[in-house]
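> Please see the structure below; I have some questions.
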Amino acid sequence: MIKHQITDKEKANVNGEIAVEETKEPVVEVHDKFLLTIKEAAAYFSIGEKKMRRLAEDNLGTYAVFSGNRYLVIRPKFEEYICQSSTL
């Protein structure tokens with residue numbers, strides 16, 4: 001499901017109604033994404049950002065990839081890893 005993020009500039013009060021303009025880029029919810037940034041993964045899995053970054057660095061190729069200058073976590077594979085692991 002794609003939702004559009006509304007900014008203050010896009011809100012206008014017209015005859016008691018709120019007029020909404022669509023943003024240029026759609027906002028995809030975290031549970032719909034395949035790849036998550038470290039910040040998104042930390043929030044989604046309730047893990048600290050430092051711990052999430054260390055896990056991604058140590059498991060590159062297993063459930064994390066390095067794209068450009070950042071680590072991305074493959075959400076379905078990390079979910080499997082968590083299910084199989086007793087500690088993080």
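Bear in mind that the values in this text are calculations on the coordinates, not laboratory data. Here the structure is a predicted model, which means the values were calculated and not measured. With ideal geometry, Cβ positions are generated from the backbone for all residues, glycine too; neighbour counts draw on all protein chains shown.
> Can you tell me how much longer the chain between Lys51 and Glu25 gets when fully stretched, taken as 0.36 nm per residue apart minus their C-alpha distance, in nm with one decimal?
6.3 nm
> Turning to a different aspect of this structure: Can you list residues from other chains, or at least 5 along the same chain, whose modelled amide H is less than 5 Å from the amide H of Ala64?
It is Ile74, by chain and number.
> What distance in nm lies between label points placed 7 Å from Cα along the C-beta direction at Lys33 and Glu79?
1.5
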